[in-house]
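The values are calculated or read from the model by the stated rules, or taken from the named source; none is laboratory data. The structure presented is a predicted model; accordingly, all values stated were derived computationally and were not measured. Every residue, glycine among them, receives a Cβ derived from its backbone with ideal geometry; neighbour counts consider all protein chains shown. SASA here: full protein model, heavy atoms, side chains in, ligands and nucleic acids out. Shrake-Rupley method; radii C 1.70, N 1.55, O 1.52, S 1.80 Å.
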Amino acid sequence: MGDTVAKYQEICIWIKDRLEKGELKAGDKIESEYQLCSQFQVSRQTVRHAIAVLEEEGIVKRYRGSGTYISDFGRTLPPKEKTMQIAVMTTFVQEYIFSSIIRELETQFTEAEYSLQISFTNNSVEKERLILKNILNKSAVDGLIAETTRSALPNPNLSLYRELMAQGIPVLFINSYYPQLNAPHVSLDDKMAGKLVTDYLLQCGHRNIAAVFKSDDGQGHQRYAGYLEALIEANVRIYDKRIVWADSEMMAHIDQTAQNWFSRRFENCTACVCYNDEIANKLLSACKANGIRVPDEFSIISIDNSELASRCEVPLTSAANPVQSMARIAALQMLDMINGKEVPLSTELGSEIIVRDSVAAVRSPFKRD
């Protein structure tokens, strides 16, 4: 490098040279600020100036909390020809709320003359990885609408999502999202839903309220946050032992393990907030096995208001998850993204309580702890 070249320019030239030689490609993460400072013997301010210049030229893209990645936008490539195909990746297919989401997406995209490529991860990180690699290798879609896989846990597939975005393929998350990714999402306001159902029990006079949440999905953590907020606002004491965390594998057998909760975890409780209708239905079975009458002796409330909520032996009072609206908004936003329009980074929908038979008022409400 000549003496007339500024230090920040040295970094820019070095990055561009590696890009031209094929040592770097779209989606690759470049060195950290610390590494560049050490390599070029410059200050962090100089490195940040170089990155800002590269980003302005469209060569790199910064993602908060993750790092800086090579983008496609700085290359003189011909415009990407539309395939009229949208990839849709959800966790499951015919279970629970997922079929409703897919039906609405199909309706919206068919009207726009798009076809869907639908795949399912079964909430497996490895399956998610294989699907994303397949999409990247084929490059035959105009966008990806994805539901997250175990979004409360560290995920090794985030770089694949970033590579898709770097290649100019819009990514939008539905029903949940990865906070580490700078991609739009459309979902239920899960914290608000958790607070809503807990407030409903409090209004019915319940004070000793147990809860069951999903541990490996972000929605579970948000619904837990709403549960806590409602109890704190009502000045009700929080007992950690009354809160059960279940991962995806535990959920399959939760009706069996739940039979022991009433003597060990839910002692003196009069009600329970359930992460979703599936868990609530299994808790109903555990109550029946223990001879506990719902709602006379124990109230159960859940979230999602799926078809399962109305089919239970004791129909469930549940907070609605507006999945049809969610899917419609997600489809319209994806079409906007494909056409180069900006969409909100976060669209979170409200909820309401659908009252059925699983919650009863406490005849003699507990005093506040």
- Query: Is it the case that Ala140 is among the aliphatic types (A, V, I, L, M), without any contact (Cβ under 8 Å) to a residue 60 or more places away in the chain and open to solvent by 20 Å² or more (accessible area, probe 1.4 Å)?
  - Reply: yes
- Note on the structure: Requiring at least 2 residues that are aliphatic (A, V, I, L, M) and either under 20 Å from the mean Cα position of the chain (by Cα) or at pLDDT below 80 (or both), the strands (runs of 3 or more DSSP E) wholly within segment 60-156 are 85-90, 143-146
- Query: Does segment 196-209 include one or more residues that are farther than 30 Å from Asp142 by Cβ, among the basic types (Lys, Arg), open to solvent by 20 Å² or more (accessible area, probe 1.4 Å) and not in a strand (DSSP E or B)?
  - Reply: yes
- Query: If only one of Ala146, Ala112, Ala152 is in contact (Cβ under 8 Å) with a residue 24 or more places away in the chain, at negative phi and open to solvent by less than 30 Å² (accessible area, probe 1.4 Å), which one is it?
  - Reply: Ala146
- Message: Looking for something in contact (Cβ under 8 Å) with a residue 24 or more places away in the chain, hydrophobic (A, V, I, L, M, F, W, C) and open to solvent by less than 20 Å² (accessible area, probe 1.4 Å) - is there at least one such residue anywhere in segment 89-96?
- Response: yes
- Message: Cβ-Cβ distance below 7 Å, separation of 6 or more or different chains: which pairs start in segment 304-320 with a residue that is within 15 Å of Gln219 (Cβ to Cβ) and end on one that is open to solvent by 30 Å² or more (accessible area, probe 1.4 Å) and part of a helix (DSSP H, G or I)?
- Response: Ala319/Leu196
- Message: From the list Asn235, Asn305, exactly one residue is more than 24 Å from the chain's Cα centre (by Cα) and on the phi > 0 side of the Ramachandran plot. Which is it?
- Response: Asn235
- Query: Quick check, is Val294 at pLDDT 95 or above and touching a Cys at 6+ places or on another chain (Cβ under 6 Å)?
  - Reply: yes
- Out of the residues in segment 163-188 that are among the aromatic types (Phe, Trp, Tyr) and not in a strand (DSSP E or B), which is surrounded by the most Cβ atoms within 10 Å (Cβ to Cβ)? Tyr177
- Regarding Leu160, is this residue aliphatic (A, V, I, L, M), open to solvent by 10 Å² or more (accessible area, probe 1.4 Å) and modelled with pLDDT under 95? yes
- Item | Identity of the residue in segment 210-249, of a type in the set (Lys, Arg) and under 18 Å from Met192 (Cα atoms), that ends up surrounded by the most Cβ atoms within 10 Å (Cβ to Cβ) | Arg223
